[in-house]
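Nothing in this text is a laboratory measurement; each read-out follows from the coordinates by a stated rule. All figures in this text were calculated on a predicted structure; none of them were measured in a lab. With ideal geometry, Cβ positions are generated from the backbone for all residues, glycine too; neighbour counts draw on all protein chains shown.
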Amino acid sequence: AEVATMMSVPTTDIISACMSLGIMVTMNQRLDAETLSIVADEFGYEVDFVTADIEESIEEIVDAPEDLKARAPIVTVMGHVDHGKTSLLDYIRKENVIAGESGGITQHIGAYGVQLENGQKIAFLDTPGHEAFTAMRARGAQVTDLAIIVIAADDDVMPQTKEAISHAQAAGVPIIFAINKVDRPEANPEKIKEKLASMNLLVEDWGGKIQSHDISAKTGLGVKELLEKVLLEAEILELKANPNRLASGTVVEAFLDKGRGYVSTILVQTGTLRVGDYVLAGKNSGKVKAMQDERGNNVKEAGPSAPVSILGLDGAPQAGDKFSVLEDEREAKDIASKRAQLHREQSVRTQRHITLDEIGRRIALGDFKELNIILKGDVDGSVEALTDSFQKLSTEEIHVNIIHKAVGAITESDVLLASASDAIIIGFNVRPAGNARQVADKEEIDIRTYSIIYDAINDLKDAMEGMLSPVM
Ligand code: GDP
């Protein structure tokens, strides 16, 4: 209806234009960006996307290779609950002392940087777990360079371990295993490595390429060596950034402090942030009044891979929002308020995620090469059977990619992964649990549940052939 009004044509004309494209719509339905463009074209209009415009005005500058300098890796710690993620982050935080400073890191600002004896640095995101990692990714933020996945050697490769592995892999982030709690008499690190090998994850001791180290987050045994392996892995990635330009990066967390106003922790990813800079962060903006590092020291500038908390923004941006420094305060304010307005009106809310109904059309348009699926089932047997059958549906045009499969209900974490990776979720004899359904509605993620294997395979096959009749 909105589009019809904008183009001064009857709503029914828009609906029939959509029908001729094979899309059944109602008056109140929102069209995705692509459909909008095609439909508008039919009536001789061109669509100008306002959000795209805003982002264009702060377009990324491409750095010359000679301006790039090595930067510290940014690391996330993930793993099953109680396997020792927090203990590991705490141990590293407490033990690391930068030369000339007496104490460890006292502040919890959402991220911290440490320096090893050899002078090399690593930045850690201080919110452990793959949920936080993937929530940021779902907002478009790719911050993490490397993932440490903690597995307790007195336990097993658990469901959340597998989830963490899938989430890291879906993001294309290299993994380093920390086999933890080796101080415990029941610890059996070899059993864990064997289990990983059986999942096709070969660690170095087993002749594979994935780094792993036995540690105790309690006594500190092996932690130093683990960090050295992190740096080795980072070296392969050749992480670089240009420190000599206006800063940009990602918001890690933000809150309102009664005395100081809005405090936002950000990770600088390129350039150098300075006190006095005009910052645009998501829907907020402001002039940086002061900056502090994780040790509570006031700092005047922060370069690539440095986490800092800043004062001066006019609100609290969301974790995963991008920030950038603009030359002029007015521009920062304008863009922030435009974004806020867009957000309020939700006027150009485009459907971003793939649905089963849409697959055939997207394939026909030729811009769709990979179909990502998250598969959850009630028993191992059906999950494996469906994985096999789905993968066999891959054609030359489209590759079916099972990015995560597991036994169990569909969780919020599955939905976040789907949102971050543009996947659909298929459940076999399982349903969405807890908040999963609400989050899926909000994120516009397609969840399909089946109780007959044949139906699931057929639906997917039909969808890929563009034959699926839409669910009204
Ligand atoms: P998280 O849920 O993964 O963050 O796990 P925590 O760091 O909270 O650890 C869970 C429990 O395991 C706590 O009681 C820790 O004290 C204990 N723990 C963690 N690492 C070790 C370790 O290396 N050795 C031993 N013995 N206990 C540990």
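Assorted remarks:
- Computed 3J(HN,Hα) for region 136-143, one whole-Hz value per residue from the Karplus formula 6.51 cos²θ - 1.76 cosθ + 1.60 where θ = phi - 60°, is 5, 5, 5, 8, x, 9, 10, 9, glycine and proline marked x.
- Residue 78 sits among other residues whose Cβ lies under 14 Å from its own Cβ, and their net charge, with Lys and Arg +1 and Asp and Glu -1, is -2.
- Loop sites in region 128-199: GluC sites (Glu not before Pro), DSSP, at most 14 other Cβ within 10 Å: 186
- Coupling constants for region 181-192 follow from the phi torsions by the Karplus curve (6.51 cos²θ - 1.76 cosθ + 1.60, θ = phi - 60°), and in residue order they are 6, 6, 6, 7, x, 7, 5, 9, x, 4, 4, 5 Hz; glycine and proline get x.
- Cα Rg, Dmax, region 69-214, angstrom units: 15.5, 47
- Qualifying trypsin sites (Lys or Arg not before Pro) for region 213-281 [loop in DSSP, other Cβ within 10 Å: at most 14]: 245, 258, 260
- A helix-only calculation puts the chain at -10000 deg cm²/dmol for mean residue ellipticity at 222 nm, using -39500 (n - 2.57) for each DSSP H run of at least four residues, averaged over all residues.
- Nearby lysines by direct alpha-carbon distance to residue 338 (threshold 16 angstrom, same-chain neighbours under 8 apart not counted): 283, 322
- Partners for residue 333 among aspartates and glutamates (Cα-Cα distance below 12 Å; same-chain residues under 8 apart left out): 314
- Beta bridges by DSSP in the chain, antiparallel share as percent, to the nearest 5: 50
- Over the chain, relative contact order from alpha-carbon pairs under 8 Å, at least 6 apart, %: 13
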